[in-house]
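Worksheet for the structure shown next.
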Amino acid sequence: MAHRATITVETRGRGTYDVTARVAAALEGGPDLDGVVHVFCHHTSAALILCENADPSVRRDLEAYFARLVPDGDPRYEHDAEGDDDTPAHIRTVLTQSALVLPAARGRLDLGTWQGVYLWEHRTAPHRRRITVTLIT
Amino acid sequence: MAHRATITVETRGRGTYDVTARVAAALEGGPDLDGVVHVFCHHTSAALILCENADPSVRRDLEAYFARLVPDGDPRYEHDAEGDDDTPAHIRTVLTQSALVLPAARGRLDLGTWQGVYLWEHRTAPHRRRITVTLIT
Amino acid sequence: MAHRATITVETRGRGTYDVTARVAAALEGGPDLDGVVHVFCHHTSAALILCENADPSVRRDLEAYFARLVPDGDPRYEHDAEGDDDTPAHIRTVLTQSALVLPAARGRLDLGTWQGVYLWEHRTAPHRRRITVTLIT
């Protein structure tokens, strides 16, 4: 049976949160075999991305770009039950990803030198986000 | 060997089609083990997304947003062999996804409460779309 | 243990490179079983896409579209340490994908008729890109 663990992230609202170390830690206790690591966010208004992990200005540019690409409060949105950022959070999630699949080498994350795993909270308010990590070998 | 099944969807043209129940049904007969479910669309002008499954206005907003983001009939497109929606369907597919990988718990789909699996037909005309579902444990 | 291989691609700068045959070749020596193929790019400024493999004008349209969607040299970008295409390459990678997961039937790639696997170099200068292919059954 696959090795499986849960991560919970308490976000402080819109922005990117580095979860690389937590995903790596979730693999502890699993087999020391090659395979893939599946990282899954159980929500439709937050996403997971791989991004450059050295210079935070890359992620500031990403955030500013997405704010222009999917503007909050566009009067053409029909769905605003939870506020100006409701539909944008869903669109941003579809444009990014709910799941990442990453290589595992001998049971450990095998990312590129500059790749970090980030939870991207797309809502402006803080949320509790559940992530499932599964190691398949 | 992995558990594998095929789903065929007859679309009525551009729009989102809920296939969550069909993906869940495709897992029947597979092992009751933890793992991941791979859902794959064998086409380059239709995609798969995870989206909010409660309020249909979210998907109407998504459709309207993508129509603005990737306009049909832009004269700058070179490829229009199959019509005004030909290149847009390919671009929309690249901006969304051909495959979803979802968690499986004891052989069953383990999605978030509000997550549904949708086939997104990006062409305006009806098409027959083939989806392969694979359970890996 | 999963079957695993590495592909190295020397790009000539921005553009799409068909790696379908190389991914298929990387599966040789693996088990003849059903499962999934994970293809992963270890970089944050190049991506992998599935795209129509018959008419190259589709990919020219994709490239032109992304150049308009994520313009190089936008003065609002903060991060330009490596040039006008630095932040755009990161944004384009997030809008596309670092990994593809594809179906395998009896140990071989099981794509749709018109689906090809492309490395999309998002930087304007040539780069060496490392891709890991893993077959999970």
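The numbers here are math on the coordinates, done by the rules we state, and not lab data. What you are looking at is a predicted structure, and each value in this text was computed from that prediction instead of being measured. So basically every Cβ, Gly included, is an ideal-geometry build from the backbone, and we count neighbours across all protein chains shown.
Brief remarks on what is shown
- Magnitude of the charge dipole, chain B, Cβ model with Lys/Arg +1 and Asp/Glu -1, debye to 20: 360 debye
- Think of the range C:1-125 as a dipole: +1 on every Lys or Arg Cβ, -1 on every Asp or Glu Cβ, centred on the Cα centre; then among C:T87, C:V39, C:V9, C:V39 lies furthest on the positive end.
- Residues in the range C:31-47 carry Karplus couplings, in order, of x, 7, 10, 6, x, 9, 10, 9, 10, 10, 9, 7, 9, 10, 9, 8, 9 Hz; the curve used is 6.51 cos²θ - 1.76 cosθ + 1.60 with θ = phi - 60°, and Gly or Pro positions show x.
- Positive-end ranking of A:A104, A:H122, A:A64 along the dipole of chain A, with charges on Cβ about the Cα centre, is headed by A:A104.
- Gap separating the Cα centres of the range A:36-109 and the range C:59-87, nearest whole Å: 19 Å
- For chain A, the longest principal axis of the alpha carbon atoms and the long axis of helix A:86-95 meet at an angle near 40°.
- Inter-copy label distances at C:R68, shortest first and taken from points set 7 Å along Cα to Cβ: 1.6, 1.6 nm.
- With a 10 Å cut-off around each Cβ of A:50-59, the average count of Cβ atoms from other chains is 6.
- When C:A125 is represented by a point 7 angstrom out along its Cα-to-C-beta vector, the spacings to that point in the other copies are 4.7, 4.7 nm, nearest first.
- Exposure proxy shown here: for C:L33, B:L50, the number of other Cβ atoms within 10 Å sets the order, fewest to most, as C:L33, B:L50.
- For trypsin sites (Lys or Arg not before Pro), the sites in the range C:34-83 that DSSP calls loop and that have at most 16 other Cβ atoms within 10 Å are C:R76.
- Per-residue Cβ neighbour rank within 10 angstrom, fewest leading, B:S98, C:S57: C:S57, B:S98
- The charge dipole of the protein assembly as shown, taken about the Cα centre with unit charges on the Cβ atoms of Lys, Arg (+1) and Asp, Glu (-1), comes to about 1020 debye, rounded to the nearest 20.
- Among A:T8, B:T132, sorting on how many other beta-carbon atoms sit within 10 Å of each Cβ, with the fewest leading, yields A:T8, B:T132.
- Shape call, the protein assembly as shown: gyration tensor on alpha carbons, a/c limit 1.5: rounded
- When chain C is treated as a GNM with alpha-carbon contacts under 10 Å, the residue of C:E28, C:E52, C:E78 showing the greatest mean-square fluctuation is C:E78.
- The mean sequence distance of close C-alpha pairs (under 8 Å, at least 6 residues apart), as a share of the length of chain B, puts its relative contact order at 53 percent.
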